[in-house]
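Shown next, in structure tokens, is the structure this report addresses.
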Amino acid sequence: MLRRTASSLATLAMSTAALAGCGFVGAHNVSDQKPNGFVLRGHVSVPVPAGDSGKSGAACDSSLPGVAPNTQVKVTDPQGHEIAVGYLGDGLIGASTSGNTCDFPFEIPQVPGGVASYGLTVAGRPTQTFPAESLRESQTAVISFDS
């Protein structure tokens, strides 16, 4: 009886060990590196064209040349090297403290980490700088242009 119990325990231990290892089957094909990118979200805010009195959320056009849907948004590191690119979406009327604006959203996936700040450039206008920590924490980058 003691021999049968020992044999049963040995079989149980081997079965448990075999099942515990199942989670590792095929794990050699999986990367052990974490993704090094985040999604940078924001919008470009420009004054609404004169005479445009649409309601908040309505479609709008830009009052500034070059700021329009599909305009490129360049992301640069502190040394000015381009590290990611995105594009503006359709303009929508939004409200700001100074009145209505025409806002063009953008979402740039896979922006690399590892820098203290990011520069954003739209339509050849001066680069605006944002702290990396706030952008990585999903705060929105708002690029404002006056007429």
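Derivation of every value follows stated rules applied to the coordinates shown; laboratory data play no part. If you're wondering where the values come from, they're calculated on a predicted model, not measured in any experiment. Glycine also receives a Cβ, built like all others from the backbone with ideal geometry; neighbour counts cover every protein chain displayed.
Structure above, values below:
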| read-out | value |
| --- | --- |
| Surrounding net charge for THR121, when Lys and Arg each add one and Asp and Glu each subtract one, Cβ distance under 11 Å | +1 |
| 16 Å cut-off, amide nitrogen to a point 7 angstrom out along THR127 Cα→Cβ, residues in region 53-93 | 73-86 |
| Taking SER138, SER45, SER117 and counting other C-beta atoms within 10 Å, the order from fewest to most | SER138, SER117, SER45 |
